[in-house]
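Note sheet for the following structure.
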Amino acid sequence: MPKIYIKSEDGTTHELNAEAGQTIMQIATINNIDGIVAECGGNCVCATCHCFIGEEWTEKVGGPSDNEDMMLSMVDLRKDNSRLSCQVKFTEELDGLVIELPETQY
Ligand code: FES
């Protein structure tokens, strides 16, 4: 089964099974990963599912939509590789994807 790797702020790396069509937020919350709050349930209106795409994966994952970009502008810890995890859909091509979590979602 394809995998993603989520690195928590405390240095722990979680290896998770991933299915095409799931969002990174869904994969994280199904697996009870701390650090993804996802208050709006994936509707791109809360920005509490902020994550960083592993540097080597940014091109494959691509950038945010205009709406996501607007939500990301409200995030304090935004970086060039920031995305909202509810807006990143896993595909087979992303097998091995590395995601890092910010120290806080607020
Ligand atoms: Fe609310 Fe992603 S879960 S913006």
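The values are calculated or read from the model by the stated rules, or taken from the named source; none is laboratory data. Predicted model only: the values in this text are computed from it and were never measured. Note: ideal-geometry Cβ built from the backbone for every residue, glycine included; neighbour counts use all protein chains shown. Heads up: the accessible areas ignore ligands, DNA and RNA and are worked out on the full protein's heavy atoms, side chains in. Shrake-Rupley method; radii C 1.70, N 1.55, O 1.52, S 1.80 Å.
Of the residues examined, Ser65 is one that is surrounded by 12 or more Cβ atoms within 10 Å (Cβ to Cβ), within 15 Å of the ligand (Cβ to nearest atom) and either over 14 Å from the mean Cα position of the chain (by Cα) or modelled with pLDDT under 95 (or both).
In the condition set (1) aliphatic (A, V, I, L, M); (2) open to solvent by less than 90 Å² (accessible area, probe 1.4 Å); (3) within 14 Å of the ligand (Cβ to nearest atom); (4) out of contact with any helix residue (DSSP H, G or I) (no Cβ under 9 Å at 6 or more places or on another chain), Leu84 is compliant with all but (4).
Restricting Lys89, Lys79 to residues that are within 13 Å of the ligand (Cβ to nearest atom), open to solvent by 70 Å² or more (accessible area, probe 1.4 Å) and at pLDDT 95 or above narrows the list to Lys89.
If the condition is being of a type in the set (A, V, I, L, M, F, W, C), surrounded by fewer than 20 Cβ atoms within 10 Å (Cβ to Cβ) and near the ligand (Cβ under 8 Å from one of its atoms), then region 39-61 contributes Cys40, Cys44, Val45, Cys46. Say whether the condition of being within 14 Å of the ligand (Cβ to nearest atom) and open to solvent by less than 60 Å² (accessible area, probe 1.4 Å) is met by at least one residue in region 7-17. The answer is no, given that none of the residues of region 7-17 is within 14 Å of the ligand (Cβ to nearest atom) and open to solvent by less than 60 Å² (accessible area, probe 1.4 Å).
When region 21-36 is limited to residues that are buried (at least 17 other Cβ atoms within 10 Å of the Cβ) and closer than 20 Å to Thr104 by Cβ, the one that is nearest to the ligand (Cβ to nearest atom) turns out to be Met25.
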